[in-house]
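Trainee: Before we start, here is the structure in question, set down as structure tokens.
The values are calculated or read from the model by the stated rules, or taken from the named source; none is laboratory data. Keep in mind that what you see is a predicted model, and the values were worked out from it rather than measured. When we count neighbours, we look across all protein chains shown, and the Cβ atoms used for this are built from the backbone with ideal geometry, even at glycine. Note: accessible area is taken over every heavy atom of the protein model, side chains too, but ligands, DNA and RNA are not part of it. Shrake-Rupley method; radii C 1.70, N 1.55, O 1.52, S 1.80 Å.
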Amino acid sequence: MAFIKVVESRADADFIVHESKSRGEADLLVCKVEAKRDALNHDDVWCFVDSRGDATSIVNFIDTRANADLLICYVNNRGESGWRTDHHLKNRL
């Protein structure tokens, strides 16, 4: 499940994410949803939460891709989402 809490500090994050506008350079294509039930058991479906207690992953977004642990690109529907690469964070979000 991917319940994502965004933090401002890299030190407080589980991993660092860069949002790309290009699907071709992304490790993971992500579909954002509002309902938690839609994000259960999916790395590629993210539900953003306000509480650390509700989060399965705590992330910090950065502007440059060079220092990111994960490169993502948002897509419009779940049918387009998914891993594009064999990544060390697979099944860990």
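Trainee: Among the residues of segment 35-64, count how many are more than 19 Å from Ala13 (Cβ to Cβ) and in contact with a helix residue (DSSP H, G or I) (Cβ under 9 Å, 6 or more places away or on another chain). Please lay out each step first, then the result.
Mentor: Narrowing segment 35-64 to residues more than 19 Å from Ala13 (Cβ to Cβ): 35-38, 40-42, 44-45.
Those still in the list that are in contact with a helix residue (DSSP H, G or I) (Cβ under 9 Å, 6 or more places away or on another chain) too: 36, 38, 42, 44-45.
Total satisfying the criteria: 5.
Trainee: Now a separate question. Can you tell me which of Cys73, Cys47 is more than 15 Å from Asn91 (Cβ to Cβ), at pLDDT below 95 and of a type outside the set (D, E, K, R)?
Mentor: Details: Cys73 fails: at pLDDT below 95.
Answer to the check: Cys47.
Trainee: Assess whether Leu93 counts as being surrounded by 15 or more Cβ atoms within 10 Å (Cβ to Cβ) and part of a loop (DSSP other than H, G, I, E, B). Show your work before the answer.
Mentor: On the way: surrounded by 15 or more Cβ atoms within 10 Å (Cβ to Cβ): yes; part of a loop (DSSP other than H, G, I, E, B): yes.
Answer is yes for this residue.
Trainee: So, one more: Residues in segment 24-43: is at least one open to solvent by 70 Å² or more (accessible area, probe 1.4 Å) and touching a Phe, Trp or Tyr at 6+ places or on another chain (Cβ under 6 Å)?
Mentor: For segment 24-43, residues open to solvent by 70 Å² or more (accessible area, probe 1.4 Å) and touching a Phe, Trp or Tyr at 6+ places or on another chain (Cβ under 6 Å): present.
Trainee: Kindly check whether there is at least one residue in segment 31-42 that is modelled with pLDDT under 95 and on the phi > 0 side of the Ramachandran plot.
Mentor: yes
Trainee: Within segment 10-19, does at least one residue satisfy the condition of being closer than 20 Å to Trp83 by Cα, exposed (fewer than 12 other Cβ atoms within 10 Å of the Cβ) and of a type outside the set (Lys, Arg)?
Mentor: Start the filter on segment 10-19 by keeping residues that are closer than 20 Å to Trp83 by Cα, which leaves 14-19.
Next, from what is left, pick out any that are exposed (fewer than 12 other Cβ atoms within 10 Å of the Cβ): none.
No - not one qualifying residue is present in segment 10-19.
Trainee: Residues of segment 52-75 being over 14 Å from Glu25 (Cα atoms) and either hydrophobic (A, V, I, L, M, F, W, C) or touching a Lys or Arg at 6+ places or on another chain (Cβ under 7 Å) (or both), which ones?
Mentor: Across segment 52-75, the qualifying residues are Arg52, Ala55, Ile58, Val59, Asn60, Phe61, Ile62.
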